[in-house]
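Let me begin by presenting the structure, written as structure tokens, before commenting on it.
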């Protein structure tokens, strides 16, 4: 099962559309995971239509229209792997302990907000993934997104993709 992980798309404020490589991944992915800060309903609608399956949450920059459609936290089991999605996890300091305490029923937590790519495992065994942003790199050298595979009840092949965009 192929996953596409994105967050912090901030459309149309930071870009007019998702970059073409991201749309290519949407077509390849079995599941698209979006960890919030869509900003506009059109992006949600486009991803909902073009994704085979969409798992998504709202972020702090998402207004009432998106909050009406999306939860703050999403939980789903994919191929035997328990996945949770949330926009914010707070400061990097103490993140592992906080997430272990808040998501004891998850194997993987996908989050956004910082625009900083992240891939770590907590002492409790929770895999923390932040795909960064495909449209707003902020202080990062590149805009980014992640892909991953679930096989035989295990997450593998987590890859950070860098986009050659100015932002």
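Quick note: the coordinates plus some simple rules give every number you see, no bench work behind them. This structure is a prediction, so every number in the text was calculated from the model and none was measured. Heads up, the Cβs are rebuilt from the backbone with ideal geometry, glycines too, and the neighbour counts pull from every protein chain shown.
Residue 139 to residue 82: extension gain in nm, 0.36 nm per residue of separation minus the Cα-Cα distance?
On the way: separation 57, 0.36 × 57 = 20.52 nm, distance 3.15 nm.
Length gained between residue 139 and residue 82: 17.4 nm.
What's the angle, to the nearest 10 degrees (0 to 90), between helix 41-50's Cα axis and the longest principal axis of the chain?
Rounded to the nearest ten degrees, it is 70.
Just need the relative contact order of the chain here, percent rounded to a whole number, with Cα pairs under 8 Å and 6+ apart. Write out the running numbers ahead of the final one.
Numbers: 411 pairs, mean separation 39.7, N = 167.
So the answer I get is 24 percent.
Is it possible to state the helix-based mean residue ellipticity at 222 nm for the chain, with each DSSP H run of 4+ residues giving -39500 (n - 2.57), the sum divided by total residues, to the nearest 500 deg cm²/dmol? What is it?
On the way: 4 runs with 33 residues, N = 167.
Helix contribution divided over all residues of the chain: -5500 deg cm²/dmol.
How far, in nm, would the chain grow between residue 27 and residue 73 when pulled straight, counting 0.36 nm per residue and subtracting the alpha carbon separation?
Working it through step by step, the gained length comes to 14.1 nm.
Students often check this: by mean Cβ neighbours within 10 Å, which of 1-14, 83-96 ranks highest, and how do the rest follow?
Values: 1-14: 22.9, 83-96: 17.4.
Ranking, from highest mean packing down: 1-14, 83-96.
Report, to two decimal places, the Cα Rg of the stretch 73-136 normalised by 2.2 N^0.38 Å (N = number of residues).
Cα Rg divided by the expected 2.2 N^0.38 Å: 1.05.
Give the Kirkwood hydrodynamic radius (Å, one decimal) of the stretch 2-163, defined as one over the mean of 1/r across all pairs of different Cα atoms. Mind dumping the intermediate values first?
Details: mean 1/r = 0.0649 Å⁻¹.
Evaluated on the stretch 2-163, it is 15.4 Å.
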